[in-house]
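To start, the structure itself, in structure tokens.
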Amino acid sequence: MLKTSPLCGFVALLFCAPLAQAGVAFNRDIRPLLSENCFACHGPDKDNIKAGLRLDQREWALRPAKSGDRAIVPGKPEESELLKRIVSGDADEVMPPPKEHKQMTKEQVALLRQWIAEGAHYEGHWAFQPPQRPVVPPGEAPHPVDAFIRARLKKEGLAPAPEAARETLIRRVTLDLTGLPPTSAEVAAFVRDSRPGAYERVVDRILAAPAYGEHMAQQWLDFARYADSNGFQADYSRQQWPWRDWVIDSFNRNQPFDEFTVEQIAGDLLPDPTRSRVVATGFHRNHRLNGEGGLIPEEWFVETVIDRVETTGLTWLGLTLNCCRCHDHKYDPITQKEFFQFFAFFNSVDETGTLRTENGKAGAGNTDPVLPLWSPAEEKQAQILRSRVREAESASVGAKGGTPELKAARAEEKKFMASVPSVMVMKERQEPRQAFVLKRGEYDKPGEPVGRGVPASLPPLPEGAPLNRLGLAQWMVADTQPLTARVWVNRVWERLFGVGIVKTSENFGAQAEWPVHLDLLDWLAVEFMRPSVLPSVNGASASRWDRKALLKFLVLSETYRQSSQVTPRLMERDPENRLLARGPRFRLSGEAVRDQALALSGLLVAKVGGPSVRPYMPAGVWDETTRYGDLRGYKPDQGGGLYRRSLYTIWKRTAAPPSMLLFDAPTREICAVKRSRSNTPLQALSLLNEVTYVEAARALAQRMFREGGATHSARLAWAFRVVTGREGLPGELAILEKGLLARLESYRQQPGAAADLIAQGASKADPTLPVPDLAAYTLSANVLLNLDEVITRE
Amino acid sequence: MNCNDSILLALSREQREAVSRRTFLGRSASGIGLAALGGLLNSAGAAVSPEEKPLPHFAPKAKRIIYLFQSGAPSQMDLFDPKPQLESRRGEDLPGSIRKGQRLTGMTSGQKTFPVAPSIMRFAEHGQSGMQFSHLMPHMSRLADDWCMIRSMHTEAINHDPAITFFQTGSQLAGRPSLGSWISYGLGSDNKDLPAFVVLTSFGSGRKDDQPIYDRLWGAGFLPSKHQGGKFRNQGQPVLYLADPKGVDRGLRRQTLDEIGGLNRAHHAVMGDPEIQTRIAQYEMAFRMQSSVPELTDVSGEPQSVLERYGPDVKRPGSYAANCLLARRLAERDVRFIQLYHMGWDHHGGLPKALEGQCRDTDQPTWALMSELKERGLLEDTLVVWGGEFGRTIYSQGALTETDYGRDHHPRCFTMLLAGAGIQRGKVLGATDDYCYNITQDPVHVHDLNATILHLMGMDHTRLTFKYQGRNFRLTDVHGELIRAILA
């Protein structure tokens, strides 16, 4: 049976330079070994050092341990106790200890030996050094991405794949950038367009579509833990959709990523805090709010602030700050004290940190600080109603329970306020709250008081930056910040290629996977911050941190445009396609699968923005696990609400839409920066039987009749082309035609069943079409919408 | 057809289904040739984590678990842990020497006094073991010689959401995988037509605003989402989207699946991506589930005598009794982790009457389930667990009268019951002090219980890990000791 060791060795061989190459590179070859196998006990957590030995920094590693032995003697591996211990056959001596279930391979030991022999040189962790722009490998290809990738492929003895067919390419890039398929007309136009720049024109057109912003916002909602409920226990509703609108708009107007960042972290603290900028700060009010009876407010205030720290770390910095709330980080040079210095930026919002809506009690609605989004007329009205309440209050002094006039005035004000949209935002208190190190991360064990600060292993706040959230945000996007640009560029890469240059896109610390193309990653990070070759998009030249320009740049590369055919050799050599000797091929997200079906069927309602809607969801999903709270008794919308894009679906955290959870959507209870991509029978059941897809199949079948021509074969060919983007091969169309004819037989004999099928869904079946035929075609459309290639972007 | 096709085709359908490229390459960046595939499958055809030696780590005692979670926290002193001598202290303020500064929830921390509320239930010894149960459990007490009772459970959480989350995921804070998904990840499914992890929820006599539960309790956390618990719904279709739409019979559905399969195979011949083959296999599994699940949930073939054992509620879908019957049927079909949640135990007030209702909901069906398992020879390799998220306070929440009292949450001691595979029979472990407030003997923590459950399933809790955010996470975090005193 395969054991751990050969696989790790395989990893080392695949992604490290061959051992024959002179010189061991510390960050690439040694740090990952030390981090994985040693740091937990001999690493940066200074309070938990075993045997007085620290291996994460050279000055410590060279000192004798408590026993007097020297773990590392530079240049003298035979005298280095570290090597003796890791190959020891004695269970009491061997390192790591057997109970850790880690064992180093022969290849890894050889690397360590060579490293010590060569002088045991350390390097600072790669992700904490500001990226330098490396030289693009010359003579490979005009596009820098291709140059880097091809130089590496050459080294590995691989060749790039040919370009994908035009139909495949336009479908791929349209789905990648908008989450929707191209129309047949768009496909045909691109296939026919022989003028130079045809593909670039497609990309520009797509980047200008509002659907682009919606699709990009969808992923951002995962990071932001956006939901329409407060979370916990009864899970009452809240109203944060105006913030979601802000995100969509920010992507569509191509707001630079640095401004996007600063406004969400600290829009309220900018010199000119416009309404838009304040709404942006809703990012850090998207966390859950606990209103459970019996909770201890201090505890949940702390959890609220900690959520902001952890979310910021994961989303922008690729740091697992959650690992140092209770103790120093075991792998990264970040202390618990620094965690709480980071905490100190976020703990002075004018809030309780718990759920307080109606009458200061837990219930449905938004919790202060809240920004009402009224028009000037509405604001006037609100002021009038407020002054009426005040008058009634002074008039009713002494009257127990308040006069009827007071009750009426209050009720009217409340009703009015409920009709005005509002959004939860950040708003600082006058006086900051004192922060403390919390011992073992526990809310009721304050230790040393701390002020605001950033980890010492990263650059300091920029010159002149204020010591508040605004300064922190500026620090996150400063030129000197080594993490943010790399992390974001890696995320964009992950989105387009299926897996990041750094596979552990959630973690750029010492335990991160070594980047498969570090030079390319750094080049892209620098280019993103200070563009020199990023293209203009729709006539606008690239700005710094230009999101559309970055996307366009990547999709224009030949690497992106490669065919995604897998050969057996590639499956053996590079099954996860890290080297990119072929185009990426992977399943669409659950949201894109649904949106695509709606688009292809013609049912999609393209309206952008606004309150969340209620598409189909099985009865009782909200009620099975709770019998109180206001998010119960789910009734789907009638009309347009059923057919909006999935990012608008109302989201209750404790009972999230099952059709999305089945497709790996996170519950939105906490920040999630990466989704798994599963392949399960429950997904199959959903795509075959869920009313959304059955109705979409029927609507698509109706289109087949209206637009597909007069014969079965014409209609099937039309539908195949519309749904997959390509012409069906004769063998494929034959399969479909055979199935259709058999069904026609069946349904003509069972008109009742046919009628039942086409009645699925809220929209009415076209009465001019013969019922059995429509039913038979509905199942043909059902087949097409279930094809692997349709729910995949190829 | 390429060489990898032939290797894949040489595997049984089960093995092909169990292994998708992602399943076993999910965390390792290495390129395992498909030729190595066969070696990575254990005898049940389940994929194993390449980071670990094949699972299980050692021979399991239990092939399956039935976890009967009693949500809301059953009152231990009114059911399992009698303190008759407390009657003489009725109404006295709980001494500080007993409370020892324990943090109270916001619901009672404002009380001026904490009057001792002795249980008004009647206790008796049962069976050869003499295990004590209150009169509210006439049925479960008949199995006194099968149960193992742990009176010394303890936890840190004092409120429901974090406490149940802690029991199920090993952390009070959201984001970690549940016990069932760890087991699914480690061992896969023994039944090729049903999921490895099934969840059944029920309401009974509990009050309308008793504690809810949440998807996260059976969620997969950071494990691949296929390991999330499959919740059988308590109304309507048991599994979502299982039934074909109206107007599509099995024949028509089979035909469409043949078309989808045929087209997918044709496309695979062009694209070569093994994910396509996995998808074909998953569609076939879906088709099989469309028969296997209704077959499972259709209890009309059960003899009347069997149904009667579970009590009158068995006919009401979504009742605890109906779920217990389903649990036995799931066990017969080798579903590995069967978890029931019965809500309504959170008795802050009106406890005596409410507790009676909860026991009426659960006592007889639990007995029926256990007896059936015994009779069918399933108890020997099934682990049964019964309990809630924490205990209740000996002092009354709200007014104490001769006949009525309430109890607040109490993390420091509570009782759980286990039975079946690998568990000593008729055993009582642990003891609490005279006030049923502190543990005096053999404390057992939530992590210890979870470590023991994994152990009985054949897994070392310290070796069942998943690398996430650079750390090898496990269900028991860095804690958990086996409860050796109860192991057979």
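No lab work stands behind these numbers, since they all come straight from the coordinates. In this text the structure is predicted, and so the values were computed from the model without any measurement. When we count neighbours, we look across all protein chains shown, and the Cβ atoms used for this are built from the backbone with ideal geometry, even at glycine.
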Exercise. Along the positive direction of the dipole of the protein assembly as shown (beta-carbon charges: Lys, Arg +1; Asp, Glu -1; about the Cα centre), which of A:Gly539, B:His447, B:Ala485 reaches farthest?
Worked result: A:Gly539
Seminar exercise, completed: Quick shape check on the stretch A:215-299: root eigenvalues a ≥ b ≥ c of the Cα gyration tensor, a/c under 1.5 is rounded, otherwise prolate if a/b tops b/c, else oblate, and it reads prolate
For this session: Compute the separation of the alpha-carbon centres of the stretch A:360-374 and the stretch A:91-154 and state it in Å as a whole number.
Result: 51 Å
For this session: Would you list which aspartates and glutamates come within 15 Å of A:Lys635, measuring only between C-alpha atoms, while excluding same-chain residues fewer than 8 positions from it?
Result: A:Asp623, A:Glu624
Exercise. Taking the Cα atoms only, what angle lies between the long axis of helix B:274-297 and the longest principal axis of chain B, rounded to 10 degrees?
Worked result: 50 degrees
Seminar exercise, completed: Here FRET efficiency (C-beta to C-beta, B:Arg142 to B:Asp433, R₀ 30 Å, nearest 0.05) is 0.55
Exercise. Sorted from fewest to most neighbouring beta carbons within 10 Å, what does the list B:Ile66, B:Ile423 look like?
Worked result: B:Ile423, B:Ile66
Exercise. What is the magnitude of the charge dipole of the stretch A:587-675 about its Cα centre, with +1 placed on the Cβ of each Lys and Arg, -1 on the Cβ of each Asp and Glu, and no other charges, expressed in debye to the nearest 20?
Worked result: 140 debye
Problem set entry | Förster radius 51 Å - calculated FRET efficiency between A:Val605 and B:Glu308 (Cβ-Cβ, nearest 0.05) | 0.45
Problem set entry | Where labels lie 7 Å past Cα in the beta-carbon direction, separation of A:Glu448 and A:Leu467 in nm | 1.6 nm
Exercise. Rounded, prolate or oblate: which one fits the stretch A:166-207, using the alpha carbon gyration tensor with axes a ≥ b ≥ c (rounded when a/c is under 1.5, else prolate when a/b beats b/c, else oblate)?
Worked result: oblate
Problem set entry | Within the protein assembly as shown, helix-based [θ] at 222 nm, where runs of 4 or more DSSP H residues each add -39,500 (n - 2.57), nearest 500 | -11500 deg cm²/dmol
For this session: Pop out the ³J(HN,Hα) list for the stretch A:671-684 in order, Karplus 6.51 cos²θ - 1.76 cosθ + 1.60 with θ = phi - 60°, rounded to Hz; leave Gly and Pro as x.
Result: 4, 9, 9, 8, 9, 6, 9, 9, 8, 10, x, 5, 5, 4
Exercise. Can you work out the FRET efficiency for the pair A:Asp368 and A:Ala159, with r the C-beta to C-beta distance and R0 = 45 Å, to the nearest 0.05?
Worked result: 0.15
For this session: Report, as an integer, the average count of C-beta atoms from other chains found within 10 Å of each Cβ along B:162-175.
Result: 2
For this session: Sort out for me the Cα centre separation of the stretch A:403-417 from the stretch A:573-642, rounded to whole Å.
Result: 40 Å
Seminar exercise, completed: To the nearest 10 degrees, the tilt of helix B:160-169 (Cα long axis) against the first principal axis of the alpha carbons of chain B is 50 degrees
Exercise. Just how far, in whole angstrom, is the stretch B:349-414 from the stretch A:175-202 if you go by their alpha carbon centroids?
Worked result: 64 Å
Exercise. Roughly what would the spin-label model give for B:Arg122 and A:Glu93, points 7 Å off Cα along C-beta, in nm?
Worked result: 7.1 nm
Exercise. Based on the Kirkwood radius over alpha-carbon pairs, what value in µm²/s does the Stokes-Einstein equation return for the translational diffusion coefficient of the stretch A:485-587 at 10 °C and 1.306 mPa s?
Worked result: 110 µm²/s
Exercise. Once label points are set 7 Å from the Cα along Cα→Cβ at both A:Lys76 and A:Gln383, what is their separation, rounded to one decimal in nm?
Worked result: 8.3 nm
Problem set entry | Partners for A:Lys548 among lysines (Cα-Cα distance below 30 Å; same-chain residues under 8 apart left out) | A:Lys503, A:Lys607, A:Lys674
Exercise. Stretched out fully, how many nm does the piece from A:Ala117 to A:Lys764 gain, at 0.36 nm a residue minus the Cα gap?
Worked result: 225.2 nm
Seminar exercise, completed: Karplus-derived 3J(HN,Hα) from phi for the stretch A:79-94 (6.51 cos²θ - 1.76 cosθ + 1.60, θ = phi - 60°), whole Hz, x at Gly and Pro, runs 9, 8, 4, 3, 5, 4, 5, 6, 9, 5, x, 8, 4, 7, 9, 5
For this session: Sticking to Cα atoms, compute the Rg of the stretch A:445-487 to one decimal and its Dmax as the biggest Cα-Cα distance, whole number, in Å.
Result: 12.0, 38
Problem set entry | Rounded, prolate or oblate (a/c below 1.5 giving rounded, otherwise prolate when a/b exceeds b/c) for the protein assembly as shown by Cα gyration tensor | rounded
Seminar exercise, completed: Listed by chain and number, the residues whose amide H is under 5 Å from that of A:Glu163, excluding neighbours fewer than 5 places away on the same chain and using placed H, are A:Ser563
Seminar exercise, completed: Phi-derived 3J(HN,Hα) across the stretch A:788-794 with the Karplus relation (6.51, -1.76, 1.60, θ = phi - 60°), rounded Hz, x for Gly and Pro, is 4, 5, 7, 8, 10, 9, 9
For this session: Report, in debye and to the nearest 20, how large the dipole of the protein assembly as shown comes out about its Cα centre when Lys and Arg carry +1 and Asp and Glu carry -1 on their Cβ.
Result: 1140 debye
Problem set entry | Residue (of A:Pro466, A:Tyr693, A:Ile306) at the positive-pole extreme of the protein assembly as shown, dipole from beta-carbon charges | A:Tyr693
For this session: Using just the alpha carbons, could you tell me how many Å³ per residue the convex hull of the stretch A:376-417 encloses?
Result: 45 Å³
For this session: Give the long-range amide H neighbours of B:Glu92: residues separated by 5 or more places, or on another chain, with amide H under 5 Å away, using H modelled in the peptide plane at 1.01 Å from N.
Result: B:Val116
